[in-house]
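A quick write-up on the structure given underneath.
The values are calculated or read from the model by the stated rules, or taken from the named source; none is laboratory data. Keep in mind that this is a model prediction, so the values were computed, not measured. Cβ sites come from the backbone with ideal geometry, for glycine too, and all protein chains shown count toward neighbours.
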Amino acid sequence: MAVRVASFRTAVRRKLALARTLGDRQGEAQASWNLGLTFLQQGDVVSGIALMQVYVDFAEDIGHPDAAQYAAEVAEIRQWLSEATRPPRRWWQWWRWWRDRPRRGG
């Protein structure tokens, strides 16, 4: 599993670099969101949030109809992180919460 995650992360980083080189904001935003999810899964919540925020900013800039939902998801993670600084909550508890939480809109 770790090898697959590392391979995926490498591929997404390449996509992100290419999108930035080409000035492809949508590609950059999508790659940032996906890379952010891998950081979250591996326990680097702060880096994950920063990358996911790139997608939120892009969605808001273009007036995407789900921009508020994406922003709310990132806000939920930030809220969890602010509460998680108090023991005993740790990143793996966050990941379980994120994975098992009820999804909005189906």
- Report yes if ALA6 is hydrophobic (A, V, I, L, M, F, W, C) and surrounded by 15 or more Cβ atoms within 10 Å (Cβ to Cβ), otherwise no. no
- Query: Looking at this structure, is GLY43 under 19 Å from ALA11 (Cα atoms) and of a type in the set (Gly, Ala, Ser)?
  - Reply: no
- Message: Tell me yes or no: at least one residue of segment 14-26 is more than 16 Å from ARG78 (Cβ to Cβ) and not in a helix (DSSP H, G or I).
- Response: yes
- Single unsatisfied condition, LEU22 versus (1) aliphatic (A, V, I, L, M); (2) more than 11 Å from the chain's Cα centre (by Cα); (3) at pLDDT 80 or above; (4) surrounded by 12 or more Cβ atoms within 10 Å (Cβ to Cβ): (4)
- What residue, of GLN53, GLN69, is surrounded by fewer than 17 Cβ atoms within 10 Å (Cβ to Cβ) and either part of a helix (DSSP H, G or I) or at pLDDT 95 or above (or both)? GLN69
